[in-house]
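Q: Mind having a look at this structure? Questions to follow.
The values are calculated or read from the model by the stated rules, or taken from the named source; none is laboratory data. All of these numbers come straight from a predicted model, not from anything done at the bench. We place every Cβ from the backbone using ideal geometry, glycine too, and count neighbours over all the protein chains shown. Just the protein is used for accessible areas: all its heavy atoms, side chains included, with ligands, DNA and RNA removed. Shrake-Rupley method; radii C 1.70, N 1.55, O 1.52, S 1.80 Å.
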There are 2 protein chains.
Amino acid sequence: MIDLSSLASTRQITLRTVMRILLDRGAVSRAELSRMTGLSKQTMSEVFRELEDGGWVQLAGRTQGSVGRSAATYEVCADRALVFGADVGGTKIHAALADMHGIVLTELIEPTDLRGGEHVVGQLARMSGALADAIGLPAERILAGTVGIPGAYDPRSRQLFMVPNIEGLEGTPLVDRLEALVGFDVQVGNDVNMAAKGEQWLGEGKDVDNFVFIAVGTGIGMGIISERRVLRGARGAAGEISTLPIGSDPFDGRSLRAGALETAIGSAGIRGRYEGSGGETGLTVREIFDRIGRGDAIAIATLDEVARALAQAILAVSAVIDPERVVLGGSIGARPELLERVRHFLDRCMPNAPHCTISELGSKAGLYGTLATSLDALRESLFQTPGYDIPMPGAKPLEQIP
Amino acid sequence: MIDLSSLASTRQITLRTVMRILLDRGAVSRAELSRMTGLSKQTMSEVFRELEDGGWVQLAGRTQGSVGRSAATYEVCADRALVFGADVGGTKIHAALADMHGIVLTELIEPTDLRGGEHVVGQLARMSGALADAIGLPAERILAGTVGIPGAYDPRSRQLFMVPNIEGLEGTPLVDRLEALVGFDVQVGNDVNMAAKGEQWLGEGKDVDNFVFIAVGTGIGMGIISERRVLRGARGAAGEISTLPIGSDPFDGRSLRAGALETAIGSAGIRGRYEGSGGETGLTVREIFDRIGRGDAIAIATLDEVARALAQAILAVSAVIDPERVVLGGSIGARPELLERVRHFLDRCMPNAPHCTISELGSKAGLYGTLATSLDALRESLFQTPGYDIPMPGAKPLEQIP
DNA sequence: ACATTTGTTCGACGAATTGACTAATAGGCC
DNA sequence: GGCCTATTAGTCAATTCGTCGAACAAATGT
């Protein structure tokens, strides 16, 4: 059941701790590490012999300048373990490999195999192999992977559901099938959650523990980072804000199907609003927004309506989960004109509005999020460091407690 | 910095692991534990000698029936460590002690010291002592405590803020002051969050990982349990749904101050609505609702309006965090008539509405939540192996990785 | 030359294992 | 009932693994 002997051997703990520090700090000497961990110098020497034999660390150089003998510094062989990430969209698949430091080594974009289903699974497996080839490393080095999809994944049945944009993926046991093909552990995540994770790793969420990423495009969706973790909800539907009762009557039949907020400010809603107010018919959302610069009053009014609804949505989200920051993305959400108007309305309905910004990573947020998720999994399985810091709460020995 | 040697001594890990299993399983024999942990039989014997000397475990009995020598079973001395919990309200303080198994040993209710501030801190300290006296155990046995307050706590400044109902608590460094008086670790939490935690422990949230507790009374507030943890948000304001843009215009000046939802269905809102529709003036909310049974049409219409707004609020909350269940509490929220109408409206604005119920613990939810929070802290400090949790999910030795 | 820091060798200790050995119990057989 | 046997519980002694501390050799700036 709980097998203490095989899992938590003291040396394993030591090895993992050393690797963790080395990953966080870069090149460090053995003497320095000995001081940091409290382990003795020659335990450190033994540990480094073991790690070097395993190919986990390598000599980095020598210290210089300070008094005393110069020390040999060691660093992690960052490409000893790789992670795979892929952002699967309706038309394209973005995939990449990163090393243990999170450096993106190579990227690849392919059109999504429109036959869908099993073909996409095979395509993902092939892409992971092609990426490893591209940097001349064996594919066996890949130890974890994550796939972002426009839909949801049910961990209980291990199947995908609600994947309208990709043929034949609904009901596929994607994780099991892909793991069988590639041989490393695979996770699946919603694409908007992945984008949020990406912003947390490299973008606007870097220094923030609680924030949301709102994608406004054809539809509207949100990824939540709460206390540094992705919030999934009971059925994996957390962040599905298209159903927020804002902008149109939630008891209306149309809202019941598509969602009130989506009805109001989704692509169809925007076009309908523009045309309904006397604007030219048959324009795309992009064309409508492009007319704002040219002073089209109806376009400006439409933008205002969208911003007003979005501000109310942010107010609602803030009331529920109190984020510190809101990052806007997606083809519509990333427009500066919109951000400006959203801020305007937010100030008029909230005393302490969260800070709003535009996505820093743009269309790459999702891809980077899958890599970040894989890295977390890798670090957890290899070094047991979920998160990025090493919190050790003041645990006193049992004997010393009164 | 990271002192591995002092923290994670092997024997400490073993002791903690054994204590954890003993707490989960009740009385177990040494041989059985040896099989469960993979540790050898006489390591187990040594461990139990140590734990018995420390007063942590005691002989429970002997096994019988099966073939072979009968085994001595040991159990945790549940009252070796106690936890304190207190629910501080504007008029009363409910406090209690529980043992390590979470059995509530004794409770105490006192009127809140109306002089407020420091006097309340002193009162809490005295109550913890009185509770220990009442069960004849030394107060030093209390190793953790939690205080629930109608307000918020800023962990950074270690001070309380937004505590309108209790004089002079705003700005008090409650944790530090109380810890100095009582000598055990103290946590502070919002009362609604505590009620949610209580329902998670002993009430409607027992078997659910994601749910919310909505308190509807004088004001309206919500506690969120997400992936079994209390969600706090960036400023501790997660769940403050009084500001949800529902029921009245969020851009209206009054809503900006009190919150749109609160304006619509807070006590004042309900009375205003009832009187505005031609109902008798000067009634309390309770009196208005009591008239529903007597067929007062205006009261029924008022109830409907409240239920409709609440349903929309639940819709909004579901869109953001996707709870599996909604637990209603508070003087208004706990009324069955309201629940019935809320369910009615929910079915009309959501395809997959979360299951709604009424609080199982009523006014004791908050108190039990503080005890549950203390128990979590106790278990974490005593039995969690810092950094390295023993059941490492799929942690292979570094050497075995390709 | 000297203080200072790095890294190795050697003896000792704490924690856990293994195997042999003793103790207790149920069930079968007379 | 009394006795034997298979089985399980618990102890004792010898050994291994990981670590620490001290002593010592090697390297480097002042």
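Q: Holding the Cα-Cα limit at 21 Å, pick out from B:LYS206/B:LYS364; A:LYS197/A:LYS364; B:LYS197/B:LYS364; B:LYS92/B:LYS364; A:LYS92/A:LYS206 the pairs that are longer than that.
A: Working: B:LYS206/B:LYS364 15 Å; A:LYS197/A:LYS364 11 Å; B:LYS197/B:LYS364 11 Å; B:LYS92/B:LYS364 12 Å; A:LYS92/A:LYS206 27 Å.
Among B:LYS206/B:LYS364; A:LYS197/A:LYS364; B:LYS197/B:LYS364; B:LYS92/B:LYS364; A:LYS92/A:LYS206, the Cα-Cα distance tops 21 Å for A:LYS92/A:LYS206.
Q: Can you compute the charge dipole magnitude of the stretch B:34-74 about its Cα centre, using +1 on each Lys and Arg Cβ and -1 on each Asp and Glu Cβ, nothing else charged? Give it in debye, rounded to the nearest 20. Please list the in-between numbers first.
A: On the way: 5 positive and 4 negative charges, 59 e Å.
Once rounded to the nearest 20, the dipole reads 280 debye.
Q: Given q = 0.14, 0.16, 0.21 Å⁻¹, what are the Debye log10 I(q)/I(0) values for the stretch A:204-359, with equal point scatterers placed on the Cα positions and solvent ignored?
A: The computed values of log10 I(q)/I(0) come out as -0.67, -0.87, -1.40.
Q: Students sometimes get this wrong: rank B:LEU181, A:LEU338 by accessible area, probe 1.4 Å, all chains present, largest first.
A: Numbers: B:LEU181 95, A:LEU338 0 Å².
Accessible-area ranking of B:LEU181, A:LEU338, largest first: B:LEU181, A:LEU338.
Q: Got a number for the accessible area of A:CYS77? Probe 1.4 Å, square angstrom, nearest 10.
A: That residue has around 20 Å² of solvent-accessible surface.
Q: Tell me, what HN-Hα J-couplings in whole Hz come from the Karplus equation 6.51 cos²θ - 1.76 cosθ + 1.60 at θ = phi - 60° for each residue of the stretch B:194-204, using x for Gly and Pro?
A: 5, 4, 4, 4, x, 5, 5, 7, 10, x, 6
Q: To continue, here is another question. Given the -39500 (n - 2.57) contribution per DSSP H run of 4+ residues, what per-residue ellipticity at 222 nm results for chain A, rounded to the nearest 500 deg cm²/dmol?
A: Working: 15 runs with 169 residues, N = 402.
Roughly -13000 deg cm²/dmol at 222 nm, from the helical runs in chain A.
Q: Can you list the residues, at least 5 places off or on another chain, whose amide H is less than 5 Å from the amide H of B:GLY89, using H built in the peptide plane?
A: Those lying under 5 Å, H to H, from B:GLY89 are B:HIS94.
Q: A follow-up question, please. Relative contact order, percent, of the stretch A:204-359 when contacts are C-alpha pairs under 8 Å separated by at least 6 residues?
A: Values: 252 pairs, mean separation 39.2, N = 156.
Taking the mean separation of contacting Cα pairs over the length of the stretch A:204-359, I get 25 percent.
Q: Continuing with this model, one more query. Given the options B:CYS77, B:SER66, B:ALA27, identify the residue whose Cα lies farthest towards the positive end of the charge dipole of the stretch B:1-90 (+1 on Cβ of Lys, Arg; -1 on Cβ of Asp, Glu).
A: B:SER66
Q: Still on this model: Once you charge only the Cβ atoms, +1 for Lys and Arg and -1 for Asp and Glu, what is the size of the charge dipole of chain A about its Cα centre, to the nearest 20 debye? Before the final figure, lay out each step's value.
A: Details: 40 positive and 50 negative charges, 150 e Å.
Dipole about the Cα centre, nearest 20: 720 debye.
Q: Taking a probe of 1.4 Å, how large is the accessible area per residue of the stretch B:9-76, in Å²?
A: The answer is 51 Å² per residue.
Q: Further, regarding this structure: Could you please put A:LEU346, A:LEU105, B:LEU143 in sequence from largest to smallest accessible area, using a 1.4 Å probe?
A: Values: A:LEU346 5, A:LEU105 65, B:LEU143 35 Å².
In descending accessible area the options line up as A:LEU105, B:LEU143, A:LEU346.
Q: Here's something else I'd like to know. Using only Cα atoms, locate the centre of the stretch A:361-384 and the centre of the stretch A:294-311, then give the distance between them in Å, rounded to an integer.
A: Between the Cα centres of the stretch A:361-384 and the stretch A:294-311 lies a distance of 37 Å.
Q: In the stretch B:204-359, with Lys and Arg counted as +1 and Asp and Glu as -1 at Cβ, which of these residues, B:ALA215, B:GLY247, B:LEU283, has the Cα nearest the positive end of the dipole, that is, farthest along it?
A: Positive-end residue among those listed: B:ALA215.
Q: With contacts defined as alpha carbon pairs under 8 Å and 6 or more residues apart, what's the relative contact order of chain A in percent?
A: Working: 722 pairs, mean separation 60.8, N = 402.
Normalised by residue count, the contact order of chain A is 15 percent.
Q: Distances in nm, one decimal, shortest first, from B:ALA134 to the same residue in every other copy, taking the label point 7 angstrom along Cα→Cβ.
A: 6.8
Q: List every residue whose amide H lies under 5 Å from the amide H of A:GLU360, counting only residues 5 or more places away in sequence or on a different chain, with H placed 1.01 Å from N in the peptide plane.
A: A:GLU204
Q: Kindly compute the accessible surface that chains A and B hide from a 1.4 Å probe when together, both sides summed, and give it to the nearest 100 Å². Walk me through the numbers on the way to the answer.
A: Numbers: alone 20390 and 20410 Å², together 33450 Å².
When A and B are taken together, about 7300 Å² of accessible area is lost.
Q: Continuing with the same structure: Can you find, among B:GLY329, A:GLY145, B:GLN42, the residue farthest towards the positive end of the dipole of the protein assembly as shown? Put +1 on the C-beta of Lys and Arg, -1 on that of Asp and Glu.
A: B:GLN42
Q: Okay, next question. Residues of the stretch A:204-359: accessible area per residue at 1.4 Å, in Å²? Before the final figure, lay out each step's value.
A: Values: 5990 Å² over 156 residues.
So the stretch A:204-359 comes to 38 Å² accessible per residue, rounded to a whole number.
Q: What relative contact order, as a whole-number percentage, does the stretch A:9-76 give when Cα pairs under 8 Å and 6 or more residues apart are counted?
A: Values: 70 pairs, mean separation 24.7, N = 68.
So the answer I get is 36 percent.
Q: Mind listing the phi-derived Karplus ³J(HN,Hα) values for the stretch A:116-127, rounded to whole Hz, using 6.51, -1.76 and 1.60 with θ = phi - 60°, and x for any glycine or proline?
A: x, x, 4, 5, 5, 4, x, 4, 4, 4, 4, 4
Q: Please list, ordered by chain and number, the residues whose modelled amide H lies under 5 Å from the amide H of B:LEU169; skip anything fewer than 5 residues away on the same chain.
A: B:GLY117
Q: While we're looking at this one, here's another question. In whole Hz, with x marking every Gly and Pro, tabulate ³J(HN,Hα) for the stretch B:135-144 from phi via Karplus 6.51 cos²θ - 1.76 cosθ + 1.60, θ = phi - 60°.
A: 9, x, 10, x, 5, 5, 5, 6, 10, 7
Q: Inter-copy label distances at B:MET162, 7 Å along the Cα→beta-carbon direction, one decimal in nm, shortest first?
A: 2.9
Q: Still on this model: Angle check, please: helix B:336-349 long axis (alpha carbons) against the longest principal axis of chain B (alpha carbons), in degrees 0 to 90, nearest 10.
A: 80 degrees
Q: Please report, as a whole percent, how much of the solvent-accessible surface of chain A comes from carbon and sulfur atoms (probe radius 1.4 Å).
A: Numbers: 8200 of 16700 Å².
About 49 percent, which is the carbon plus sulfur part of the accessible surface.
Q: Another question about this same structure. Return one number: the angle in degrees, 0 to 90 and rounded to the nearest 10, between the long axis of the Cα atoms of helix A:297-321 and the longest principal axis of the Cα atoms of chain A.
A: Between helix and principal axis, roughly 50 degrees.
Q: Sorted from shortest, what are the nm distances separating the label point of B:PRO111 from equivalent points in the other copies, each placed 7 Å from Cα along Cα to C-beta?
A: 8.1
Q: On to the next question. Below 28 Å, Cα to Cα, which lysines can A:LYS41 reach? Residues fewer than 8 away in the same chain don't count.
A: Excluding near neighbours in sequence, the set is A:LYS396, B:LYS396.
Q: Let me ask something additional. Using +1 on the beta carbon of Lys and Arg, -1 on that of Asp and Glu, and nothing else charged, what's the dipole of the protein assembly as shown about the Cα centre, debye to 20?
A: Details: 80 positive and 100 negative charges, 205 e Å.
Result for the protein assembly as shown is approximately 980 debye, rounded to the nearest 20.
Q: Tally Lys and Arg at +1 and Asp and Glu at -1 over the other residues with C-beta under 13 Å from the C-beta of A:ASP99: what net charge comes out?
A: Working: positive: A:ARG80, A:ARG141, A:ARG379; negative: A:GLU75, A:ASP79.
That works out to +1.
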